[in-house]
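Input: a single structure, listed below in structure tokens.
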Amino acid sequence: GSFERFKKEFSQAAILVEGSGWAALAFDKESQRLLIMQIEKHNLNIYPAFPILLALDVFEHAYYIDYKNERAKFIEAFWNIVSWNEVNKRFQEL
């Protein structure tokens, strides 16, 4: 799909993280496909076969000082600071 579709789906995953956690872009080595996942409440529900390329911390401590309870505004601002060079570097190292 398009970057806009990715951005929308990733943002939605971040908004819908129940409680605290992360939204993450990972790579499934077996299928050779990117995937979006949620990691919630310090759970270790990640898989070694899915290296994380990009993560967004949506724990309240990550945004409360600047955004109070407005997680969606924090997520929108996140897109202005993503280091795509770093994401690409991580992808190239797989």
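Relative contact order for the chain: what percent, with Cα pairs under 8 Å and sequence separation of 6 or more?
25 percent
Measure off, as a whole percent, the carbon and sulfur share of the 1.4 Å-probe accessible area of region 3-94, all protein chains present.
Looking at region 3-94 in its full context, I get 52 percent from C and S.
At ALA55 and ASN88, where each label point lies 7 Å from the Cα along Cα→Cβ, what is the point-to-point distance in nanometres?
So the label points at ALA55 and ASN88 sit 2.3 nm apart.
Using a Gaussian network model of the chain with C-alpha springs under 10 Å, which one of SER83, SER31, SER11 is most mobile by mean-square fluctuation?
Per the Cα network of the chain with a 10 Å cutoff, SER31 tops the list.
Lys/Arg Cβ at +1, Asp/Glu Cβ at -1, dipole of the chain taken about the Cα centre: which of PHE91, PRO48, ALA77 is farthest positive-ward?
Working it through, the farthest residue towards the positive pole turns out to be PHE91.
Cα gyration tensor of region 43-94, axes a ≥ b ≥ c as square roots of the eigenvalues: rounded (a/c below 1.5), prolate (a/b > b/c) or oblate?
oblate
Given N residues in region 1-92, what is Rg(Cα) / (2.2 N^0.38 Å)?
Output field value: 1.07.
Could you work out how far the C-alpha centroid of region 1-32 sits from that of region 60-90, in angstrom?
Cα centroid to Cα centroid, the span is 13 Å.
Find the accessible area per residue for the chain; the probe is 1.4 Å, ligands and nucleic acids are left out, and the unit is Å².
69 Å²
The values are calculated or read from the model by the stated rules, or taken from the named source; none is laboratory data. As the structure is a prediction and not an experimental result, all values here were calculated from the model. Don't worry about glycine lacking a Cβ; one is built from the backbone with ideal geometry, like all the others, and counts go over all protein chains shown. For accessibility, only protein heavy atoms count, side chains too; no ligands or nucleic acids. Shrake-Rupley method; radii C 1.70, N 1.55, O 1.52, S 1.80 Å.
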